[in-house]
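Participant: One structure is given below, represented as structure tokens, and several questions about it will come after.
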Protein chains: 2
Amino acid sequence: MESQTERLYGDTTQLQADIEHISRLAAQLLPCYADISAEHTLENPHDNARLQMLIGILHELHPADVAAVLENLPQKERVLVWKLAIPEEDGEVLLEVSDAVRESLIETMNRDELLAAVEDMDAGELAELADDLPEQVVEEVLQDWDEEERAQVETVRSYKDGQVGAVMDFEIVSIRADVSCEVVLRYLRRFETLPDHTDKIFVVDEDDVLQGVLPIRKLLVADPDELVENVMTRDVVKFRPEDDVEDAAQAFERYDLISAPVIDADKKLIARLTVDEMLDVIREESEADMLNMAGLKEEEDLFAPVWDSVKNRWVWLAVNLVTAFIASRVIGAFEQSIAQIVALAALMPIVAGIGGNSGNQTITMIVRAMANAQISTTQAMRLLKKELGVALVNGVIWGGVMGAVSYWMYHSAGIGWVMVAAMTLNLLLAAVLGVLIPVVMEKIGRDPALGSSVLITAVTDSGGFLIFLGLATMFLL
Amino acid sequence: MESQTERLYGDTTQLQADIEHISRLAAQLLPCYADISAEHTLENPHDNARLQMLIGILHELHPADVAAVLENLPQKERVLVWKLAIPEEDGEVLLEVSDAVRESLIETMNRDELLAAVEDMDAGELAELADDLPEQVVEEVLQDWDEEERAQVETVRSYKDGQVGAVMDFEIVSIRADVSCEVVLRYLRRFETLPDHTDKIFVVDEDDVLQGVLPIRKLLVADPDELVENVMTRDVVKFRPEDDVEDAAQAFERYDLISAPVIDADKKLIARLTVDEMLDVIREESEADMLNMAGLKEEEDLFAPVWDSVKNRWVWLAVNLVTAFIASRVIGAFEQSIAQIVALAALMPIVAGIGGNSGNQTITMIVRAMANAQISTTQAMRLLKKELGVALVNGVIWGGVMGAVSYWMYHSAGIGWVMVAAMTLNLLLAAVLGVLIPVVMEKIGRDPALGSSVLITAVTDSGGFLIFLGLATMFLL
């Protein structure tokens, strides 16, 4: 997998510069797209020089960096560069790219190219790709595999996204407890290579039931004559395939794990989890939270066609439009008041705005906290009390400031006091809903991040208008 | 570090239940706070039973889980539980908790407790804590350490947050290239234990210049008589202490690294990075982005006193108030128009709202993309074109819908057309600023996430009101 001449980037700036360079070369080569392949030379010497340079760079890149390059190229350049990538690494690149880009790459590949790309994968890898591949390709590959591997692919595919089973792999090295460390070392030497991320060897009994783990760092310093059972660790963090993968990722973070066993209901060792998959989970989870809060369905291919982006965003825009319409009707109900005091129209967005801003601060903080741990009812009550306190302080301070400004602008003490009261009440409303929305979402089994920003803004807009115009109508008219 | 009876949580639900349990016990014990310590029994048998149960649970917990417990307790309960934690693990717990909670714990500890907690740390760990500790304590600990360790602490402390140097550690195992694998194995066996996350041994020459790395997985399968130089990998991802730690974390993700060497300007090996630190970096980075977008200065202790929260949030609330005031003045400028057509007051928040929502979608997507890679000027132009396309489509669709609704409500074709035009224009404005704000922020060296949500909303509010009321004044009056 690693060649002697590989470019590896510890520093993203250099990778970024190379992506720019590749992007320019690819754009310049677009006109001769039809004639381009990794094997042929181009007639025009300038173009050919560019082509050879492009191929040269690509062949020095690690598959993960090829993936980064592809993600950062516009569609046409992406397809051109993909044609020139090393075919033997196609599979690894497909595993590395984001889902959105993966689809666009697979679309350009024919059956033989796809077969070549996936035939050397292990069961976990094939299972990861399988949903994006034509079913026929998957079946064809599986035909050449043995019974056990086929069953493994089946197993992984039977678990849902977000379950441990969907990201586990089967590259397990296991031993018995009653052998000496010397024997283990000799056993390991018989392997061609050990699987990536082998920081521990799993210790099982004759029924494959997990007994413990033998960390390599203990094996290396142990007396060779010592038995495994005297060196191994019995306290093991283990997972079940049905477990939530985000919980597993948190366990990896808390206990600084590199790999961990996955066991079935009978405590039999069936697979393992590795930290590289957990890194992806953590990255994706926090990205998803952020995108969901803003009302984006999922990660977008940055250079997706306009129409794909429209589809990714329309739901929450539609929700927003409905809530904005409601806010508009709230104002409509007070048209009489506004007709009498037009200043109300100018002041009302301030009340709505500060509520939205403050509510977003609260809800963001709570959604973040929930990503790390659930919030119990007792805690929720305590948080609510605290947020109400913060809202009250902010209401008095900022409401006071804006009340004074309004008084000064409109020479009306009434308008000033209505501003103070309305801002404080809307901040309190924002605090209550900022805590309640995510807590209730979680209780009813929804993702607390989902559209939370759109929802809180909806409440503080309609609520703010209602409170402000209502108070004004009561006290100023 | 690991005891035989440790509770380890693969599943967060169980941890959560135990946190609840601890929280209840601690709350019940609060009245006898003054009499509580890990050594004494309480007179009241009920209280004593609770105390012993609490101590029992705490002593079974892994330090990382004690940290999780403390983070989820209100201040008073937190101090009580902290008194009961195993003193020998205090240091590890302090390293695990979030910055905000760490401060609150250190405040409760006297000099001797702090000294006891940190004296067994390694240089990297002490350096991590040093800024939160009283300087006197740090100096006292350092006095007992040897010259080399003192220099290491100095070195780490000399780097800024966000630099590789600030999170590197010195637990390096290194060997020469001209020895056999057998010799390496014998050398390793002389260690009491190997450092955590030792997945590779660093190969250096007589001047400590890095030659390559010997992955343990290769060492274990290698012929014992083979020389290290024939087994080692020469293509190594290496870092400099001045490097950006987020870049390093991305390299760990791309290349699936467990540990990596840190070298100085002369290519001498000085330290290493490990994946557990990188996990923290990734988690913190994405949290920071999310909090910053919403206008929160930093992660809050969930149970911080009200006043601390007010301080954490006031800056962006103040900014929001200024921008809301500007929006209010924009409306104020059109009071004449509103006085004539009061319907304008009811419709204007719809225009502002959809702009804010759509702008937040764009800016969130771009801030996310920037977290993974910079966006070049060419890419920014391409993104701008795409976002303008999306805005145009959305403007025509949603503007059309709302235009029709407004026409139907107010029986005025003019109002309908003004809605269509204003919504489309505000969506286009949101698209332009949604791309420009983060790109410009990055260009001038600011964090693109910082308050971006507040800023885009400010623009789409003022802009939306101006566009809508301006068009209405021009065409409807």
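Participant: Please find, among B:266, B:243, B:235, the residue that is assigned by TED's automatic domain parsing to the domain that holds residue B:197 and surrounded by 20 or more Cβ atoms within 10 Å (Cβ to Cβ).
Facilitator: Every option except B:243 fails the conditions.
Participant: Another question, then. Just wondering, is there one or more residues in segment A:343-363 that are part of a helix (DSSP H, G or I), at pLDDT 90 or above and within 20 Å of the chain's Cα centre (by Cα)?
Facilitator: There is at least one residue in segment A:343-363 that is part of a helix (DSSP H, G or I), at pLDDT 90 or above and within 20 Å of the chain's Cα centre (by Cα).
Participant: Could you run through segment B:5-18 and say how many residues are within 23 Å of the chain's Cα centre (by Cα) and of a type in the set (A, V, I, L, M)?
Facilitator: The qualifying residues number 1.
Participant: Exactly one condition in (1) more than 8 Å from every other protein chain (Cβ to nearest Cβ); (2) in contact with a strand residue (DSSP E or B) (Cβ under 8 Å, 6 or more places away or on another chain); (3) hydrophobic (A, V, I, L, M, F, W, C) is false for residue A:249; which is it?
Facilitator: Unmet condition: (2).
Participant: Do we find that residue A:334 is closer than 17 Å to residue A:100 by Cβ, of a type outside the set (Ser, Thr, Tyr) and surrounded by 20 or more Cβ atoms within 10 Å (Cβ to Cβ) in this structure?
Facilitator: So residue A:334 fails the test.
Participant: While we're on this one: Working only within segment A:133-181, note down all residues that are in contact with a helix residue (DSSP H, G or I) (Cβ under 8 Å, 6 or more places away or on another chain), over 19 Å from residue A:91 (Cα atoms), without any contact (Cβ under 8 Å) to a residue 40 or more places away in the chain and part of a helix (DSSP H, G or I).
Facilitator: A:158
Participant: Mind checking which residues of segment B:290-306 are in a helix (DSSP H, G or I), under 14 Å from residue B:450 (Cα atoms) and within 7 Å of chain A (Cβ to nearest Cβ)?
Facilitator: B:290, B:291, B:294
Participant: Please work out which one of (1) within 18 Å of residue B:383 (Cβ to Cβ); (2) part of a strand (DSSP E or B); (3) not aliphatic (A, V, I, L, M) is the condition residue A:309 fails and give its number.
Facilitator: All conditions pass for residue A:309, except number (2).
Participant: Looking at (1) out of contact with any helix residue (DSSP H, G or I) (no Cβ under 6 Å at 6 or more places or on another chain); (2) within 30 Å of residue A:243 (Cβ to Cβ); (3) touching a residue at least 12 places away in the same chain (Cβ under 8 Å); (4) among the small types (Gly, Ala, Ser), which is the only condition residue B:37 fails?
Facilitator: (2)
Participant: Is it the case that segment B:76-86 has a residue that's within 14 Å of another protein chain (Cβ to nearest Cβ), of a type outside the set (Lys, Arg), assigned to a helix (DSSP H, G or I) and crowded, with 17+ Cβ neighbours inside 10 Å?
Facilitator: Within segment B:76-86 (the criterion being within 14 Å of another protein chain (Cβ to nearest Cβ), of a type outside the set (Lys, Arg), assigned to a helix (DSSP H, G or I) and crowded, with 17+ Cβ neighbours inside 10 Å), the answer is yes, since at least one residue qualifies.
Participant: Follow-up question, since we're still on this one. I'm trying to understand the selection: among the residues of segment B:82-100, which are in contact (Cβ under 8 Å) with a residue 40 or more places away in the chain and within 15 Å of residue B:131 (Cβ to Cβ)?
Facilitator: Of everything in segment B:82-100, those that are in contact (Cβ under 8 Å) with a residue 40 or more places away in the chain and within 15 Å of residue B:131 (Cβ to Cβ) turn out to be B:98, B:99, B:100.
Participant: Answer yes or no as to whether residue B:281 is outside the structural domain of residue B:390 (by TED's automatic domain parsing), under 30 Å from residue A:313 (Cα atoms), surrounded by fewer than 24 Cβ atoms within 10 Å (Cβ to Cβ) and among the aliphatic types (A, V, I, L, M).
Facilitator: Yes, satisfied.
Participant: Same structure again: Which residues, taken from segment A:253-277, are in a helix (DSSP H, G or I) and within 8 Å of another protein chain (Cβ to nearest Cβ)?
Facilitator: Passing the criteria: A:253, A:254, A:255, A:275, A:276.
Participant: Taking segment B:278-289 only, how many residues are facing chain A (nearest Cβ under 7 Å) and either of a type in the set (A, V, I, L, M, F, W, C) or under 24 Å from residue B:209 (Cα atoms) (or both)?
Facilitator: Within segment B:278-289, residues that are facing chain A (nearest Cβ under 7 Å) and either of a type in the set (A, V, I, L, M, F, W, C) or under 24 Å from residue B:209 (Cα atoms) (or both) number 2.
Participant: Looking at segment B:249-287, which of its residues are β-branched (Val, Ile, Thr) and within 16 Å of residue A:12 (Cβ to Cβ)?
Facilitator: Selection gives B:281, B:282.
Participant: Within segment B:186-239, restricting attention to residues that are basic (Lys, Arg) and within 24 Å of residue A:61 (Cα to Cα), which residue is farthest from the other protein chains (Cβ to nearest Cβ)?
Facilitator: Out of the qualifying residues, it is B:200.
Participant: Taking segment A:421-436 as the search range and keeping residues that are under 28 Å from the mean Cα position of the chain (by Cα) and crowded, with 24+ Cβ neighbours inside 10 Å, which one is nearest to residue A:383 (Cα to Cα)?
Facilitator: Across segment A:421-436, the extreme among qualifying residues is A:435.
Participant: Checking residue B:403 against (1) surrounded by fewer than 21 Cβ atoms within 10 Å (Cβ to Cβ); (2) more than 8 Å from chain A (Cβ to nearest Cβ), which test does it fail?
Facilitator: (1)
Participant: Right, here's the next one. I'd like the full set of residues that are out of contact with any helix residue (DSSP H, G or I) (no Cβ under 8 Å at 6 or more places or on another chain) and more than 8 Å from chain B (Cβ to nearest Cβ), limited to segment A:349-376.
Facilitator: Within segment A:349-376, none qualify.
Participant: Restricting to helices (runs of 4 or more DSSP H) lying wholly in segment A:373-477: which have 1 or more residues that are of a type in the set (D, E, K, R) and more than 30 Å from residue A:244 (Cα to Cα)?
Facilitator: Qualifying helices (runs of 4 or more DSSP H): A:377-410, A:452-476.
Participant: Here are some residues: A:470, A:451, A:463. Which one is at pLDDT 95 or above and within 23 Å of residue A:317 (Cα to Cα)?
Facilitator: It is A:463.
Participant: Of the residues B:123, B:151, B:116, B:130, which single one is assigned by TED's automatic domain parsing to the domain that holds residue B:55 and touching a strand residue (DSSP E or B) at 6+ places or on another chain (Cβ under 9 Å)?
Facilitator: Answer to the selection: B:123.
Participant: Failed condition for residue B:381, given (1) modelled with pLDDT under 95; (2) more than 13 Å from chain A (Cβ to nearest Cβ), with all others met?
Facilitator: Unmet condition: (2).
The values are calculated or read from the model by the stated rules, or taken from the named source; none is laboratory data. These figures come from a predicted structure and were not determined experimentally. Neighbour counts run over all protein chains shown; Cβ positions are idealised from the backbone, glycine included.
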